[in-house]
1. Taking region A:145-166 only, how many residues are part of a strand (DSSP E or B), buried (at least 19 other Cβ atoms within 10 Å of the Cβ) and not β-branched (Val, Ile, Thr)?
2. Within region A:136-154, restricting attention to residues that are in contact (Cβ under 8 Å) with a residue 60 or more places away in the chain and either facing chain B (nearest Cβ under 9 Å) or more than 17 Å from the chain's Cα centre (by Cα) (or both), which residue is nearest to B:VAL170 (Cα to Cα)?
3. So, in region A:111-135, of the ones that are buried (at least 20 other Cβ atoms within 10 Å of the Cβ), hydrophobic (A, V, I, L, M, F, W, C) and away from chain B (no Cβ under 13 Å), which residue ends up farthest from A:ASN93 (Cα to Cα)?
4. Determine, yes or no, whether A:TYR85 is closer than 24 Å to A:ILE158 by Cα and more than 10 Å from chain B (Cβ to nearest Cβ).
5. Within region A:74-112, count every residue that is among the small types (Gly, Ala, Ser) and closer than 17 Å to B:ARG47 by Cα.
6. Take the residues of region B:109-152 that are of a type in the set (Asp, Glu), more than 19 Å from A:ARG147 (Cβ to Cβ) and within 14 Å of chain A (Cβ to nearest Cβ): which is nearest to the chain's Cα centre (by Cα)?
7. Among the residues of region B:157-173, are any at the interface with another protein chain (Cβ under 9 Å from one of its Cβ atoms) and either in a strand (DSSP E or B) or surrounded by 16 or more Cβ atoms within 10 Å (Cβ to Cβ) (or both)?
8. Would you confirm whether or not region A:97-110 contains a residue that is touching a Phe, Trp or Tyr at 6+ places or on another chain (Cβ under 9 Å), farther than 27 Å from B:ALA97 by Cβ and without any contact (Cβ under 8 Å) to a residue 24 or more places away in the chain?
Amino acid sequence: MMTRIFSLLILFAILVVLGGCTTQPQFKGTILDPALPAPDFTLTDHNGQPFTLSEQRGKVVLLFFGFASCPDICPAELANLAAVYRELGTAANELQVALITLDPERDTPERLALYVQAFNPTFTGLYADSAILAPILKEYGVFAERRDLPGSALGYTIDHSGFVYLIDTSGRWRAIFAHGTPVTDIVSDVRFFLRERGGSDGG
Amino acid sequence: MYRLLAMITTMIIILALSACATTPTASPESAPAVTLGNLTISEPWVRAASASATTNSMSSDSHSSMSMSATTAGYMTIRNSSAEPDFLIAAAVTDLAEAVELHTSTTENGVMRMRQVERIEIPAQGGVELKPGGFHIMLIGLKRDLKPDETVRLTLTFERSGTVEVSAVVRKP
């Protein structure tokens, strides 16, 4: 009798754990439900070419707002996104990571190119002047405020919100990740949104 | 029998859970800890970065050269075995950056802020970790690229313990 109960327990333990590994989308990021069409924009990439968000359909896009003179937190986030890219393996071909600079005054295309490509050669740095940038920041709810640093050789810094925005393969804004979200959590959600595009195999 | 089955169940769960988990990446080699009086400085590292290709093109115009400058940050753990606190008050490099400053980053309500600080406290009988998202040594206006695996010399000055030089490993960004 006791043996049978334990056999059942073992079986149950196996099922629970295997289930945790594979099926059931358990989202790690904050999910936007219902999904909204991602506010579209056309910015200039670090090669001087136009980059239109809605033309990235077919790929999952991870958007991050930052600036190249941010040597501490922004690189930590971009390093995480580079790790996400590595973890995804071949599926990363359908991932586009883009950094939108909040500091167009200092972040020239050359500088953005050096900055983002140090993390991953496929990452794109995007810039636009403040007038074009302002409505985009508003639509994505990005907080950014220039702050003078008297006495620092840096001159000024930009206080900013540090979320990563996930746009799905159909151009819909689906999820937000807080700064410092573990790499495995982002990978898990990106994988889901890439699979979802396949349609039939929901998991 | 009872105990054996319980153990098997536990083992299966542990095995299965470890199969789910990702393997941690090995941390790069770091230089041995350096001591200075009651202070121990361990695992100093600097984030790799590219100096801007056009840094020197307008050297006569200080604003332009500043606005083009590339930055990076240095990190380490400092322990203090003394009964008195000490303070990191300055850091310096030779021929590597135009300025070296002490900064801190904070994240509050999702907003990331970076501020210059005058000094970083190393508490008595305690320690402080300079790490991404917190205290860091900021190198402003890089004069050359910093490539992974090279080492750079950092000179640290403490209020009580004085000055020491450490070798920091350059790591991938």
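The values are calculated or read from the model by the stated rules, or taken from the named source; none is laboratory data. What you are looking at is a predicted structure, and each value in this text was computed from that prediction instead of being measured. In this analysis, Cβ positions are derived from the backbone assuming ideal geometry, glycine residues included, and neighbour counts consider all displayed protein chains.
1. Selection size over region A:145-166: 4.
2. Within region A:136-154, the match that is nearest to B:VAL170 (Cα to Cα) is A:LEU154.
3. A:LEU133
4. Here the answer is no, as A:TYR85 does not meet what is asked.
5. Final tally of qualifying residues: 4.
6. Filtering first and then ranking leaves B:GLU129.
7. Yes - at least one qualifying residue is present in region B:157-173.
8. Within region A:97-110, none of the residues are touching a Phe, Trp or Tyr at 6+ places or on another chain (Cβ under 9 Å), farther than 27 Å from B:ALA97 by Cβ and without any contact (Cβ under 8 Å) to a residue 24 or more places away in the chain.
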